[in-house]
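The values are calculated or read from the model by the stated rules, or taken from the named source; none is laboratory data. It should be emphasised that the depicted structure is a prediction, and the values quoted were computed from it without experimental measurement. We place every Cβ from the backbone using ideal geometry, glycine too, and count neighbours over all the protein chains shown.
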Amino acid sequence: MRSVSIADGGAAPDAPLIELRAVRKRYGSVQALAGVTAEIRGQVIGLLGPNGAGKSTLLKCMLGLAPHEGEARVFGLSAESDSFRIRDRVGYMPELDSYLADLTAVELCALAGELSGLPRSEAMQRAHAALYYAGLEDKRYLKVEGYSTGMKQRVKLAQALVHDPELLFLDEPTSGLDPRAREEMLELILDLPERRGCAIILSTHLLPDVDRVCDHVVIMHRGQIRYSGEVEELRRGEGVAGGAGQVHVYDVEIKAGDDAFAAALARAGCAVEKKPPRRLTVRLPASADSTLLFQTAAAAGAQIRHLEANQASLEEAFLRVVGEAQGPAAA
C-alpha cells in the first residue's frame, strides 16, 4: 500500500490534506461559498450536505477549476498557482457524465491518462488496469454512450484512477444507482485506500453512504463548513461549528434510589429521562463530564451499576449541526 505523501508540496509531513482560508465563490447573485475556512484530515472523508450546499463548487475550487477568493491548498499546494501540480496528484470523478460520443471505455480512460501527462502506451496500459479494477473488463470495448447509469459511474471512477492519484475527489458517485449498483460502488470505494493507497473525499447528500465508508466527515450548509472532524466525534457532539460544544449523553443503570438521583441530576442542570427499571438517560450540561454523575450519585445515596455513553446516529448528529446553523443565508 502506498502511503499518501505531501513531501513534494513543501508542507510539513503532519499537515492536513486540505487547507481552506476564507474561500468565497459567487455565481452572479448566488453565493456558493461564503468564506469557507477549515483544515481537513482523514483517510476516507465524507463531504456531506444537502443539494446546493456548495460541495461540488468547493471541489472545483480545490482543483483550480473555479476561480475564487481566499486560499485553498491541497497537499500544501495552492489551487491558484499550483493547480496543474494538484491535478497530477488528485483524481476527480465529477457528478455529471463526462464522456465523448463514439469513444469506448478503454479509449476514454486512455485519453484521461494522456491528459494527465502519461505517454500513450502507458495510458492505454493503465486504462485497461483501471477498467479491470472497476469491473468493466468485459465491457471496455463498447461505446460508453450505450452504458447503463451504473456502468457510466464505473467508467468515471476508472478515469479518476488511471494516473494513480494520491487523493480522489468523488462527487456523488452513487447518484442515480439502483440498490445493488450503489452497494457495489461503495464496496469499490471501501477497497481503494488499501488496494490503491489513496485518500478519498466523498461528496454526497446521502448520509448512509458516509456512515458506510467514511472515518471523517465535513458538513456543509449554505456555502459554509459547519463541522470538520471524525465521524465518532460528530456522534458525540464534539467540535461542532457555532459553539454548541461537546454534548455528553449517558445511559445510566443504578442499584437503588433512582428517583432521588434523577431529582438531584435535574437540580444540577441535567436533562433526565427515566427508563424503568432503574435506568436513566442523562444529558449533561455542556461544561460537565461523567464526574458529575458519580458526584451526584454519591450525594443522593445512589449506586451506579452501569454507565455507557449514548452516541447519536449520524442522521441525528447531522440534523443537530444543520439545525444549529439555521438562520439567514449568507450574502
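May I ask you to verify whether Asp102 is within 20 Å of Leu170 (Cα to Cα), surrounded by fewer than 19 Cβ atoms within 10 Å (Cβ to Cβ) and touching a residue at least 12 places away in the same chain (Cβ under 8 Å)? Here the answer is no, as Asp102 does not meet what is asked. Can you name the residue in segment 238-269 that is at pLDDT below 70 and touching a strand residue (DSSP E or B) at 6+ places or on another chain (Cβ under 8 Å) and is also nearest to Phe318 (Cα to Cα) among such residues? Looking at residues that are at pLDDT below 70 and touching a strand residue (DSSP E or B) at 6+ places or on another chain (Cβ under 8 Å), I get Val240.
Just give me the residues in segment 139-149 being buried (at least 18 other Cβ atoms within 10 Å of the Cβ) and either part of a helix (DSSP H, G or I) or of a type in the set (S, T, N, Q) (or both), in sequence order.
Listed by number, the list holds a single entry, Val144.
Would a scan of segment 181-188 turn up a residue that is in a helix (DSSP H, G or I), closer than 20 Å to Ala130 by Cβ and of a type in the set (Asp, Glu)? Yes.
Just one of Leu136, Leu96 is surrounded by fewer than 15 Cβ atoms within 10 Å (Cβ to Cβ) and either of a type in the set (Val, Ile, Thr) or within 27 Å of Ile45 (Cβ to Cβ) (or both); which is it?
Step by step, each of Leu136, Leu96 is checked, and only Leu96 is surrounded by fewer than 15 Cβ atoms within 10 Å (Cβ to Cβ) and either of a type in the set (Val, Ile, Thr) or within 27 Å of Ile45 (Cβ to Cβ) (or both).
Residue pairs whose Cβ atoms lie under 9 Å apart, sitting 6 or more positions apart in sequence or on different chains, and linking a residue in segment 174-203 that is over 17 Å from Gly46 (Cβ atoms) to a partner that is assigned to a strand (DSSP E or B) and modelled with pLDDT of 95 or more, are Arg196/Leu168.
Of all residues in segment 284-318 being outside any strand (DSSP E or B) and among the acidic types (Asp, Glu), which is farthest from His221 (Cα to Cα)?
Asp289
Determine whether segment 105-112 contains at least one residue that is closer than 28 Å to Leu207 by Cα, in contact (Cβ under 8 Å) with a residue 40 or more places away in the chain and not small (Gly, Ala, Ser). Scanning segment 105-112 turns up no residue that is closer than 28 Å to Leu207 by Cα, in contact (Cβ under 8 Å) with a residue 40 or more places away in the chain and not small (Gly, Ala, Ser). Restricting segment 83-108 to residues that are under 24 Å from the mean Cα position of the chain (by Cα) and in a loop (DSSP other than H, G, I, E, B) leaves a set whose member that is modelled with the lowest pLDDT is Ser98.
One line per residue, one yes/no per condition, for (1) under 19 Å from the mean Cα position of the chain (by Cα); (2) outside the structural domain of Pro94 (by TED's automatic domain parsing); (3) surrounded by fewer than 15 Cβ atoms within 10 Å (Cβ to Cβ); (4) at pLDDT 95 or above:
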position	(1), (2), (3), (4)
Asn51	yes, no, yes, no
Leu58	yes, no, no, yes
Ala66	no, no, no, no
Gly70	no, no, no, yes
